[in-house]
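A short write-up of the structure that comes next.
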Amino acid sequence: MAFLSSVERRFLSAVSQLAYCNPFLPERPEFERAALGDDYVAGEPVWSQSTHDPERPRANVWRIAGRLEALLEPLRARLLSGKDAREQDLVLYEDGVIHLLYNRYYPKFLESSFGRESTKDRAARWVFYRDFLADWRHFLPDGVTLPTRHDPAHTFACFRQIQRAFEQIFRDIIGGSMPAARLRAAVWQSIFTHDIRRYRRTLYARMSDFATLVTGASGTGKELVARAIAQSRYVPFDEKKLLFADDAASFFPINISALSPTLVESELFGHRRGSFTGAVGDRKGWLETCTQFGSVFLDELGDMEPAIQVKLLRVIETRTFHPVGDTASRKFQGKLIAATNRDLAVDIRNGRFREDLYYRLCSDQIATPTLAEQLADAPHILREVIHYMARRVAGAEAEELAAEVETWIERNLEPAYAWPGNYRELEQCLKNVMIRRNYRPSRSAVSDPVDEFAKDLRAGRLTADEALSRYSTIVYRQTGSYEETARRLGIDRRTVKSRIDAEFLKLLQ
């Protein structure tokens, strides 16, 4: 008798693919179907939290785990008896053990993921590693030579990372639409790459070398994506001390557009006393404060001054930097994540953003979909998002508030309302209805200001001065340059500058 029968090999092959797949892609249910056959329970095509039943168990997960429990014990006995097995079959056995142990200890990881305690209490949180190690040695005994030679402590650390990443993505990036599913899958890939086997072998220790760029319109959750990545970093486990090297997933956000260039530089790089007016003492910047397992998040990267872009480029290339007013270099150990709602290609053409910096950032890009894109794919998710927001805002009153908001939207907004402010606008709508039983969209939220401009032109409602002013403002918003706007319009630079409509420009942001 062979080590694996054809039925066992087929089942374990599906489990092997399932264990290393991206859980947020449609391939996951296909692997579950292949493993379970007629016992497969049809459900959601993608992993998406339901606000009405968030803790609903996934039947296929536990059915597969049950089959593994029943299969792996006799396979272990065959191993110990010395039965010959092909290397490929031994890899399938190992993958089955890995998948079983992850599911077996997932509840323990989940339970231990909350709270910060003293070092002694932190060790107590991970004492179940001893049980994990006992199971590991049971299924992967020292006396049997297996091809992969997995390390238990490293696997334990990977399990914890996978659990944290899944919870972050599953619970915070919601929506049953395919754009939302693709976003969850993209965040998972940013953390583990598309090949989690290779990640587990070598890349887990190198991912901080790769910066991540998150692009998308304002209000689409770019910082949420950044936090999910930052809080899902790999952290080594010390099996002697029963401690992870760093329990805190440090996250240092800087909003570039909210600070002056001097303050941006100081926040990021730090400064020495007297290096500029107001520098009354030495200060460490986030790049120095950030630990090896932490992340620095640069929001609104497109607004960064060119001189600071040069210094940031050096950080990415050499992992070193100099505080303002200091000649001694410092080392940046963490991961860099950046976000922007600007079209960087346009900014590069107009000299506002360095092309070499862009190419250092674009090895890992994530684009966040608009709320309108999600609703176009799955209109029902508006209700899901409203309920999710209501639970954060109103707690026990969430269900009643969500119903009020849904009713108000149905009665007062067009069915095809585009939500140009995205999730941020929807949340403000919810809060306005909660407080005042009303919501008044801004002009920019009612329709696209460029479309409004076109309508005004067709209707002949604008004077020549108004038409030139608004058109100049639209082109300036695209180019970000008075010179380029003047060149395109064929008028003087000073004329362009005098024609920019500041209020209309705000609507175009």
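The values are calculated or read from the model by the stated rules, or taken from the named source; none is laboratory data. Everything quoted here is computed from the prediction, not taken from an experiment. A quick note on method: Cβ atoms are made from the backbone with ideal geometry, for glycine too, and the neighbour counts reach across all protein chains shown.
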* Asked: Hey, does the stretch 159-170 have a residue that's within 12 Å of F24 (Cβ to Cβ) and surrounded by fewer than 21 Cβ atoms within 10 Å (Cβ to Cβ)?
  -> yes
* Asked: What's the number of the condition R319 fails, among (1) under 25 Å from S232 (Cα atoms); (2) in contact with an Asp or Glu (Cβ under 7 Å, 6 or more places away or on another chain); (3) of a type in the set (K, R)?
  -> (2)
* To do: Filter the stretch 456-485 down to the residues that are assigned to a helix (DSSP H, G or I), over 23 Å from G302 (Cα atoms) and among the basic types (K, R), then identify the one that is modelled with the highest pLDDT.
  => R470
* Restricting the stretch 101-121 to residues that are outside any loop (DSSP other than H, G, I, E, B) and more than 27 Å from the chain's Cα centre (by Cα), the residue that is modelled with the highest pLDDT -> D121
* Return a yes/no flag: does the stretch 199-207 have any residue that is more than 12 Å from D364 (Cβ to Cβ), free of Cβ contacts under 8 Å to residues at least 40 places away in the same chain and not in a helix (DSSP H, G or I). => yes
* Structure fact -> By my count, helices (runs of 4 or more DSSP H) wholly in the stretch 365-455 with at least 2 residues that are free of Cβ contacts under 8 Å to residues at least 24 places away in the same chain and within 30 Å of S190 (Cα to Cα) are 381-394
* Asked: Mind checking whether some residue in the stretch 147-163 is farther than 30 Å from D377 by Cβ, at pLDDT below 95 and of a type in the set (A, V, I, L, M, F, W, C)?
  -> no
* Can you give me the ranges of the helices (runs of 4 or more DSSP H) entirely in the stretch 247-340 with at least 2 residues that are under 23 Å from the mean Cα position of the chain (by Cα) and more than 19 Å from D364 (Cα to Cα)? => 286-289
